[in-house]
Amino acid sequence: MCRVLFAAGNGESMVELVNALVNSSKHDPYKVALGKSPSHKDGWGFIWMSEGKIEHYKTTKPIFEDKEGVESLLGSLKGFGVLLAHTRAASQGSVNIFNTQPFSYSSPEGFTFWFYHNGDLKKDEIIKMAGFREEKLKDASDSYVFGLYLLKRLSSFGEEEVLNTFKEALPTVKTTLNTGTLFTAPNEVKAFVTAYMVEEREKDTLHKRYSRLLKLETKDLFAVVSSTFEQYSSLPFQEIPNRKAFYVDMDLGRKEFGAKELTL
């Protein structure tokens, strides 16, 4: 399981969220309560997009040991933009730069997207759904394979098509499908964020506390983050009900965003 951060709006307002991500990844009390090691140490990465600019960074270093990388991210958070960041605690797939998130995919349908995922999936079933060869993906993480599934199935990134494509994959979820996807095409930027955990996990108090996502909504920021952020920030987070998703429309030039809540 991993820690995740999605944010759209004023970059300066995201600084506290990045600091909470670093601290959550160094010592996660909700992870410890499950009898696991305290950190999310198996690499991290981010994608920051503002008008006319994209920065994509990945490393196998733990975020809490990568002072230079974190300072680079914080220095980029100027003006209006959108941020996806992910710290990994590996469960499937080798620990290497290939499996470090967010992943980048380019579709022959004329758009690019970046994707992160927190949770465990039935990798073999996703491979079958997408029609891929399992032996070619033996060292790839389940999260990377899910991105390939999206690449194969999506002909566009319209709200209804994206929502239905995620819904079709819900039977492959072993624990959670907490995701962030950033889509871009000429003159278009959209995002899709999901908060989903299987029923057994939702009924278990400790697993639910660890797996749930939180949202933050202000006039200049919309964010979805992992539950541990509430331990390291006093920002007014709200818990997101299970099976919710958000389709976020952004205009980087006009510095505007709008988030629509959907049900998975």
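The values are calculated or read from the model by the stated rules, or taken from the named source; none is laboratory data. Since the structure is predicted, the reported quantities are computational estimates derived from the model, not experimental observations. Cβ coordinates were reconstructed from backbone atoms using ideal geometry, including for glycine residues, and neighbour counts include every protein chain displayed. Quick note on the areas: whole protein, heavy atoms, side chains included, nothing else; ligands and nucleic acids left out. Shrake-Rupley method; radii C 1.70, N 1.55, O 1.52, S 1.80 Å.
Do you know which of the residues in the stretch 196-229 that are more than 24 Å from Pro171 (Cβ to Cβ) and without any contact (Cβ under 8 Å) to a residue 60 or more places away in the chain is least open to solvent (accessible area, probe 1.4 Å)?
Leu214
Could you tell me whether the stretch 235-257 includes any residue that is touching a His at 6+ places or on another chain (Cβ under 9 Å), surrounded by 13 or more Cβ atoms within 10 Å (Cβ to Cβ) and more than 17 Å from His86 (Cα to Cα)?
Taking every residue of the stretch 235-257 in turn, none turns out to be touching a His at 6+ places or on another chain (Cβ under 9 Å), surrounded by 13 or more Cβ atoms within 10 Å (Cβ to Cβ) and more than 17 Å from His86 (Cα to Cα).
Counting just the residues of the stretch 53-89 that are in contact (Cβ under 8 Å) with a residue 60 or more places away in the chain, of a type in the set (Gly, Ala, Ser) and over 17 Å from Trp114 (Cβ atoms), which one comes out surrounded by the fewest Cβ atoms within 10 Å (Cβ to Cβ)?
In this case the residue turns out to be Gly79.
Let's see how each residue does on (1) in contact with a strand residue (DSSP E or B) (Cβ under 8 Å, 6 or more places away or on another chain); (2) under 26 Å from Gly253 (Cβ atoms); (3) modelled with pLDDT under 95; (4) hydrophobic (A, V, I, L, M, F, W, C):
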position: Gln101; (1), (2), (3), (4): yes, no, no, no
position: Pro108; (1), (2), (3), (4): no, no, no, no
position: Ser141; (1), (2), (3), (4): no, no, yes, no
position: Phe146; (1), (2), (3), (4): yes, no, no, yes
position: Tyr149; (1), (2), (3), (4): no, no, no, no
position: Val162; (1), (2), (3), (4): yes, yes, no, yes
position: Val173; (1), (2), (3), (4): yes, no, no, yes
position: Thr179; (1), (2), (3), (4): yes, no, no, no
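When the stretch 39-52 is examined, which residues are found to be touching a strand residue (DSSP E or B) at 6+ places or on another chain (Cβ under 9 Å) and surrounded by fewer than 18 Cβ atoms within 10 Å (Cβ to Cβ)?
Glu51
Identify all residues within the stretch 90-107 that are surrounded by 19 or more Cβ atoms within 10 Å (Cβ to Cβ) and either more than 16 Å from the chain's Cα centre (by Cα) or farther than 18 Å from Lys53 by Cα (or both); write none if there are none.
Answer for the stretch 90-107, where residues must be surrounded by 19 or more Cβ atoms within 10 Å (Cβ to Cβ) and either more than 16 Å from the chain's Cα centre (by Cα) or farther than 18 Å from Lys53 by Cα (or both): Gly93, Asn99, Thr100, Gln101.
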